[in-house]
Amino acid sequence: PPTDIAQPFSRRSMRPAPASSSGAVGRPAWRPTEVLNTVLLIGAIFLLMRQQYSAALGSATATVRMASPVWSAAAARGAVGSTPPQMADRAEAAEAARGGAARAPVGQLCPPGAPRAAAASPAGLAAAFDGSQSSEQRLKQLWRHPRVKHPEWWKEVHYDWWHLLDRRQLARGLAAAGDPARLECLAEKLLDGRGIKLGVIGGSVSFGTTFTTSKSHALFHWKLYQWINATFPLADTLAPAHEHYCGAVPASGPSYMEHCLQWHMPAGVDLVVVEYAVNFDTSTSDDAHSFERMLRRLLRLPAAPAIVLLNTMELMHHADPKVVDFSKIFFSGCNGYGCREAHPWATDEDLSFTWAAPAEDAIVALAQYYAVPCVSLRGALFSEFKQNASRFPIKQVFHDRHHPSAWGHSLMAQLVIDRIEAAIATVTARRAAAQQGSQCAAVQAEMALAVGADTGGGDG
C-alpha cells in the first residue's frame, strides 16, 4: 500500500501518467480487472445506500409509535436534520393516528424531552415489563438518529450494525452493586406512573464536547431519558412529565462541583448519574477527596435520589501518573476528535492502556464504601478493547482516548438502564407476592434518622 495511506485522498501524492508512444503524456489504459472491480464497487455502494434508505423508511412509523422523539412530526419537518418527504408524511400520519404527543418539559441545559406515551395504569406497567424493554433491537430503534446538517454529521448517527452489551458484559460492568433501596424507590415511582427528574453531572463526556452540540441526542443521558419516556408513560396525563437536567461542565472535576452542586442539580431530583472517571487531577489526591464530599452531599439531598456512578474508560497511558501529557489524547493518525482520515485499525500505541486508572479506582472504592451503585465501561469491555476485538473496535467506540463516540455513549446508557431494570424486576416480584411496604418510605425514614443523628451540621 502507499506510504501516505492515512492522508485524505486530496493530499495523497499522484503518480505521473505514463507517456504515450508519441512522447505526450497520455491516460493509462484500463485493465479488464480494474473495470470489473470498479463496476462491482459502484454496484455494492448503490445497493447498500438503497438498503439503508428502505430500512429508514420502514422504521419511521415504528419508531414514532414507540415514543421516540427522533421520527416525530416535528423532526420530520426539519427540527432534527433533513428528512425525505416520504418519511415526513409517514411520521405525520403516525402522529395524527395516535392523536398527537405532548412533549416533556425542557431541562436546564438539555434538549427537549421525548413525546409522552399513552397513559397506563401501574398494574398494566408492571405486567407489561418483561425485560424486552431493553432488548438490543428496541434500544437501537429508540436511539436511531437521522443525519444532521453539520460537517461532522457522522458523530451524531447511531448505526444499526453497532453491537451492544450482552448479559455477560453487563455483569462485568457492575463495579459495585451498592444498596438497592434508592433504585427500588425509583422503580416504584416509575411503575406507579409518576414523573421523575433525571439529573446528570460530570465533565466533557457528559457535556458532549466532542459532538456537534452540547445538546446532542447521541449523549448517554439523552438516550437514557429516551428510554425512560418510552418505557414508563405517566398514569396521569395532566401530571408533570419526566424531566431531564444536564449539569455537566467541561474541563472541570469534582473540586468544582462539590461547591456548586446546588446550581447544577434541580430540587427534588429522583435519579442522579455521576460521570467523572476521566476528570481527576491524578497528580494529587485532592479530587478524590472532593469527589467524596460531593457524593456525601448527593446522599444527603432531601429527596433521597437514586445515585448511579457511571465510569467511562481511561485510555491514556502515562509512565508517571503524576505527569499527564494531553498531547497524546488523540488516536494514531488523528489530529482531532474522531477524525475520519485516519486508518480505522488500532496500533500498538492505541492499545497501550492498562487496567489501572487512579481516578476510576478511587471512585469504585468510594462507591463500595458508601454502598452506591457503580457501573464501568472498563469492566464491561476491557478484554475486548485490549484484544482489539472486531465487535468493539476501539477507534469507533471512542472519539479519542477520553471521549466515547455515539457508540460508546449507547453502551454507557445501557449500563445504567441495566441497573434500573434490576430494581424494576425486584419491585415487580415483591408486588406480585403481595408483600407490604414501600422502599421510598423506608429510604425517607432512614434519611430522617440520619439527619436527626447528625450533630456535625455539615456535609463533610
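Looking at the structure I just gave you, is ARG378 of a type in the set (Lys, Arg), touching an Asp or Glu at 6+ places or on another chain (Cβ under 7 Å) and in a helix (DSSP H, G or I)?
Criteria met by ARG378.
Of the conditions (1) within 30 Å of PHE280 (Cβ to Cβ); (2) open to solvent by 10 Å² or more (accessible area, probe 1.4 Å); (3) β-branched (Val, Ile, Thr), THR231 fails just one. Which one is it?
Exception for THR231: condition (1).
Tell me, which residue of the range 130-166 that is assigned to a loop (DSSP other than H, G, I, E, B), touching a Phe, Trp or Tyr at 6+ places or on another chain (Cβ under 6 Å) and at pLDDT below 90 is nearest to LEU411 (Cα to Cα)?
Going through the qualifying residues, I end up with HIS158.
Out of ALA171, ALA175, report the one residue that is modelled with pLDDT of 95 or more, among the small types (Gly, Ala, Ser), open to solvent by 30 Å² or more (accessible area, probe 1.4 Å) and touching a Ser or Thr at 6+ places or on another chain (Cβ under 7 Å).
Step by step, each of ALA171, ALA175 is checked, and only ALA175 is modelled with pLDDT of 95 or more, among the small types (Gly, Ala, Ser), open to solvent by 30 Å² or more (accessible area, probe 1.4 Å) and touching a Ser or Thr at 6+ places or on another chain (Cβ under 7 Å).
Please determine whether any residue of the range 386-399 is within 17 Å of GLU275 (Cα to Cα) and either part of a helix (DSSP H, G or I) or over 14 Å from the mean Cα position of the chain (by Cα) (or both).
No, the range 386-399 contains no residue that is within 17 Å of GLU275 (Cα to Cα) and either part of a helix (DSSP H, G or I) or over 14 Å from the mean Cα position of the chain (by Cα) (or both).
Go through the range 222-251 and report how many residues are over 22 Å from SER405 (Cβ atoms) and either among the charged types (D, E, K, R) or not in a helix (DSSP H, G or I) (or both).
14
Within the range 410-424, how many residues are open to solvent by 10 Å² or more (accessible area, probe 1.4 Å) and more than 14 Å from ARG182 (Cα to Cα)?
Residues in the range 410-424 being open to solvent by 10 Å² or more (accessible area, probe 1.4 Å) and more than 14 Å from ARG182 (Cα to Cα): 2 in total.
Could you check the range 427-445 and list, in sequence order, the residues that are closer than 20 Å to ALA303 by Cα and touching a residue at least 40 places away in the same chain (Cβ under 8 Å)?
Within the range 427-445, VAL427, SER438, GLN439, CYS440, ALA442, VAL443, GLN444 meet the criteria.
Which of the following residues is within 26 Å of the chain's Cα centre (by Cα) and closer than 30 Å to TRP153 by Cβ: ALA422, ALA413?
Of the residues listed, the single one that is within 26 Å of the chain's Cα centre (by Cα) and closer than 30 Å to TRP153 by Cβ is ALA413.
Need the failing condition index for ILE394 against (1) free of Cβ contacts under 8 Å to residues at least 60 places away in the same chain; (2) crowded, with 17+ Cβ neighbours inside 10 Å, just the number.
(1)
Which of the following residues is at pLDDT below 95 and either within 28 Å of ASP287 (Cα to Cα) or among the acidic types (Asp, Glu) (or both): THR237, THR213?
Step by step, each of THR237, THR213 is checked, and only THR213 is at pLDDT below 95 and either within 28 Å of ASP287 (Cα to Cα) or among the acidic types (Asp, Glu) (or both).
Go through the range 284-308 residue by residue and tally those that are of a type in the set (Asp, Glu) and either assigned to a strand (DSSP E or B) or in contact with a strand residue (DSSP E or B) (Cβ under 6 Å, 6 or more places away or on another chain) (or both).
Number of matching residues: 0.
The values are calculated or read from the model by the stated rules, or taken from the named source; none is laboratory data. This one's a predicted model, so the numbers in the text were calculated from it and none came from an experiment. Reconstructed Cβ throughout: ideal geometry from the backbone, glycine too, with neighbour counts over all protein chains shown. Side chains included, ligands, DNA and RNA excluded: accessible areas come from the protein's heavy atoms. Shrake-Rupley method; radii C 1.70, N 1.55, O 1.52, S 1.80 Å.
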